[in-house]
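**Q** To start, I am sharing the structure in question, which I have written as structure tokens.
The values are calculated or read from the model by the stated rules, or taken from the named source; none is laboratory data. Quick caveat, the model's predicted, so the values are computed rather than measured. Glycine also receives a Cβ, built like all others from the backbone with ideal geometry; neighbour counts cover every protein chain displayed.
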Amino acid sequence: MSVGILIITHNRIGEDLLQTASKLFEPLPMTAKALAVHMNCDTEIMQEQAEQLRDELDSGDGVLVLTDIFGSTPSNIASTLLAYENTHMVSGVSLPMLVRIFNYAPLTLGPLAEKAVSGGHDGIVHCTLPGDCHA
């Protein structure tokens with residue numbers, strides 16, 4: 001068993017990130033799914049879909065829910081899943097975050113969530129000239 005990954009984002013952002021990560025890790029080292037929340041969606045229906053996906057992904061080790069912008073509709077839907085046992089949420093999902101998560105797939109839920117945050121943070125680099133880059 002392993003932690004399941006649920007990505008809840010605006011439009012197809014999560015689906016595109018997951019598809020890209022799937023090309024880097026063939027096959028993915030853990031089960032992951034994405035839920036696209038569109039601007040004019042029915043949030044109650046999206047909430048039901050999120051709960052269903054969360055249940056499908058939980059094989060006993062919990063679910064890490066990733067979302068794009070904290071406080072947005074996808075984030076608000078994701079945060080309601082925290083009522084379930086063994087569910088953590090991290091916002092600011094990015095490809096570096098997903099890569100870090102998949103590289104540390106054997107970790108338990110809490111440490112994996114910490115790796116997600118560090119992967120997102122470490123993936124941000126500021127460059128002013130070639131070779132002059134810093135976090």
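**Q** Tell me, which strands (runs of 3 or more DSSP E) wholly within segment 1-84 include 1 or more residues that are touching a His at 6+ places or on another chain (Cβ under 7 Å) and surrounded by 13 or more Cβ atoms within 10 Å (Cβ to Cβ)?
**A** Because the criterion is at least 1 residues that are touching a His at 6+ places or on another chain (Cβ under 7 Å) and surrounded by 13 or more Cβ atoms within 10 Å (Cβ to Cβ), the strands (runs of 3 or more DSSP E) in segment 1-84 that meet it are 32-37, 63-67.
**Q** If you check E114 against the conditions, is it assigned to a helix (DSSP H, G or I), among the acidic types (D, E) and without any contact (Cβ under 8 Å) to a residue 60 or more places away in the chain?
**A** yes
**Q** Just one of L107, L98 is among the hydrophobic types (A, V, I, L, M, F, W, C), closer than 17 Å to T31 by Cα and assigned to a loop (DSSP other than H, G, I, E, B); which is it?
**A** Selected residue: L107, the only one of L107, L98 that is among the hydrophobic types (A, V, I, L, M, F, W, C), closer than 17 Å to T31 by Cα and assigned to a loop (DSSP other than H, G, I, E, B).
**Q** Oh, and also: Kindly provide the set of residues from segment 117-135 that are outside any helix (DSSP H, G or I), under 23 Å from I7 (Cα atoms) and β-branched (V, I, T), ordered by number.
**A** Result: I124, single match.
**Q** Mind listing just one residue for me: the one in segment 71-112 that is among the β-branched types (V, I, T) and touching a strand residue (DSSP E or B) at 6+ places or on another chain (Cβ under 9 Å) and, of those, farthest from I5 (Cα to Cα)?
**A** Going through the qualifying residues, I end up with T73.
**Q** A105 - would you say it is more than 14 Å from G14 (Cβ to Cβ), surrounded by fewer than 20 Cβ atoms within 10 Å (Cβ to Cβ), at pLDDT 95 or above and over 16 Å from the mean Cα position of the chain (by Cα)?
**A** For A105, the condition - more than 14 Å from G14 (Cβ to Cβ), surrounded by fewer than 20 Cβ atoms within 10 Å (Cβ to Cβ), at pLDDT 95 or above and over 16 Å from the mean Cα position of the chain (by Cα) - is not met.
**Q** Can we say I69 is under 21 Å from F25 (Cα atoms), among the aliphatic types (A, V, I, L, M) and either modelled with pLDDT of 95 or more or in contact with a Leu (Cβ under 6 Å, 6 or more places away or on another chain) (or both)?
**A** no
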